[in-house]
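One structure is given below, encoded as structure tokens.
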Amino acid sequence: MLLVVNSGSSSVKLAVFDDGLGEVAAARVSEIATGGPADHADALAAGFAELAAQGISPGHLAGAAHRVVHGGAGLTATCRVTDAIEAAIDACARLAPLHNPANLAGIRAMRRLRPGLPQFAAFDTAFHATNPAVSTTYALPQAERDRGLRRYGFHGLSYAAIVRIVQEMASDTAPKRLLSFHLGNGASACAIVDGRSVASTMGYSPLDGLTMGTRPGGLDPAVVLDLVERYGLNGAADLLNRHSGLLALGGASDMRALHAAGTSDAAFAVDHFCHWATRLGGSLIAAMGGLDAITFSGGIGENDGTVRFKILNGLAFMGVDMDLAANAANARVLHNAASRVKVWIIPTEEERQIALEVRALRAAEPGEQR
């Protein structure tokens, strides 16, 4: 059996898959450092306890696979974790400070629990390795570009799973140009042509792009310089990663709390989120040269009809015609018969996507016993 560890900025999800990729056990631990476990190591311990209650012990595992947010320019495919791979993940931690340290915590906790157990890493940046250079290159001096300053893009495992699901669902009529929104505490959008990423709203780090729970999205670099001058490097980094976004605008990082607040600030935060999703989504449509379908995933994307309505209403000029009742009911199909653009809710399957990629990797390894 394969354990998949998905360590996010505020939660840890564990899923156990059998050899046929059937999910046989799962656990989720949330509210890390905000009322729940103190840190990711404690969260993993709690998750392992939940799995034990379902009859899964570390001794049942033939391997463990980890979602890693940032793989840099060099880690562009799922791979075995070695000392060199672990060092490369650690080197990217400054680019994804809410995520890569948590991902490493999972790898190191598993090593303590099951020394010698094969471990694998799957990277959120890998799906965007197909972006053309014109999309990923910053207009900086060559020496700075050579240091790795470029756009990477994130949520790639979610987008890879969405492409797979849409292709299975649509069969011979899979859309050529797909705009995919991954909307949660972290939020991004991706332009996908023929199943391959061509552009994304996130850039060098997961700070860029859409308004997020505690991250601001796109900023003029002069704003960052001003914050560094005022608060120092560490203070500015903390402000941008943990104290901005919806939290700064509306007083809460959770969209459900903003809807319930009933204040003008909360309403503005929701509108800000939707405005920038629509505006940046439009830029991704331009990168694709048109639009055939839209998908929504993530906690907000899958469950918040108000947010979806605002975004889809803003994209109506592209030929989007919503089924209002379906949207209110969080149905899978959100377009009506007259719509030129198909719209679907596609729940993310990051854990299954990781398991699929690990199985393919192990099948290709000479002499591998599975």
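The values are calculated or read from the model by the stated rules, or taken from the named source; none is laboratory data. As the structure is a computational prediction, the values presented were derived from the model and not from experiment. Cβ placement follows ideal geometry from the backbone for every residue including glycine, while neighbour counts extend to all protein chains displayed.
Exactly one of these conditions fails for ARG114: (1) modelled with pLDDT under 95; (2) within 30 Å of SER188 (Cα to Cα); (3) surrounded by 14 or more Cβ atoms within 10 Å (Cβ to Cβ); (4) charged (D, E, K, R). Give me its number.
Going through (1) modelled with pLDDT under 95; (2) within 30 Å of SER188 (Cα to Cα); (3) surrounded by 14 or more Cβ atoms within 10 Å (Cβ to Cβ); (4) charged (D, E, K, R) one by one, ARG114 breaks only (2).
Per-residue answers, yes or no, for (1) in a strand (DSSP E or B); (2) modelled with pLDDT of 95 or more; (3) not assigned by TED's automatic domain parsing to the domain that holds ALA236:
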| residue | (1), (2), (3) |
| --- | --- |
| ALA161 | no, yes, yes |
| VAL166 | no, yes, yes |
| LEU179 | yes, yes, no |
| HIS182 | yes, yes, no |
| SER205 | no, no, no |
| LEU210 | no, yes, no |
| GLY213 | no, yes, no |
| PRO216 | no, yes, no |
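If you go through the stretch 79-88 one residue at a time, do you hit one that is farther than 26 Å from ALA364 by Cβ and in the same structural domain as PRO37 (by TED's automatic domain parsing)? Spell out how you get there, then give the answer.
Just the residues of the stretch 79-88 that are farther than 26 Å from ALA364 by Cβ, to begin with: none.
Within the stretch 79-88, not a single residue is farther than 26 Å from ALA364 by Cβ and in the same structural domain as PRO37 (by TED's automatic domain parsing).
Considering only residues that are small (Gly, Ala, Ser), assigned to a helix (DSSP H, G or I) and within 25 Å of GLY203 (Cβ to Cβ), look in the stretch 107-129 and name the one that is farthest from the chain's Cα centre (by Cα).
Among them, the one singled out is ALA129.
Looking only at helices (runs of 4 or more DSSP H) that fall completely inside the stretch 238-324, which ones have 1 or more residues that are on the phi > 0 side of the Ramachandran plot and crowded, with 17+ Cβ neighbours inside 10 Å?
Fully inside the stretch 238-324 and qualifying: 245-250, 298-303.
Would you call LEU140 touching a Leu at 6+ places or on another chain (Cβ under 8 Å), surrounded by fewer than 22 Cβ atoms within 10 Å (Cβ to Cβ), modelled with pLDDT of 95 or more and within 30 Å of ALA236 (Cβ to Cβ)?
Yes: the conditions hold for LEU140.
What about GLU351, is it outside the structural domain of VAL12 (by TED's automatic domain parsing) and at pLDDT below 95?
Judged against the criteria, GLU351 is a match.
Condition first: under 30 Å from ARG80 (Cα atoms), part of a loop (DSSP other than H, G, I, E, B) and touching a residue at least 40 places away in the same chain (Cβ under 8 Å). Can you find one or more residues in the stretch 328-344 that meet it? So that I can check it myself, show each step before the final result.
Start the filter on the stretch 328-344 by keeping residues that are under 30 Å from ARG80 (Cα atoms), which leaves none.
No: the stretch 328-344 contains no residue that is under 30 Å from ARG80 (Cα atoms), part of a loop (DSSP other than H, G, I, E, B) and touching a residue at least 40 places away in the same chain (Cβ under 8 Å).
ASP292 - would you say it is among the acidic types (Asp, Glu) and free of Cβ contacts under 8 Å to residues at least 40 places away in the same chain?
No: the conditions fail for ASP292.
Any idea which of (1) touching a strand residue (DSSP E or B) at 6+ places or on another chain (Cβ under 7 Å); (2) farther than 30 Å from ARG340 by Cα is the one ILE162 doesn't satisfy?
Tallying (1) touching a strand residue (DSSP E or B) at 6+ places or on another chain (Cβ under 7 Å); (2) farther than 30 Å from ARG340 by Cα, ILE162 fails exactly one: (2).
What are the pairs, 6+ residues apart or on separate chains, where a residue within the stretch 160-172 that is closer than 14 Å to ILE354 by Cα has its Cβ under 8 Å from a residue that is in a helix (DSSP H, G or I) and aromatic (Phe, Trp, Tyr)?
Taking only residues 6 or more apart or on different chains, the pairs are ALA160/PHE127.
Does the stretch 185-202 hold any residues that are outside any strand (DSSP E or B) and modelled with pLDDT of 95 or more, and which are they?
ASP194, GLY195, THR201, MET202
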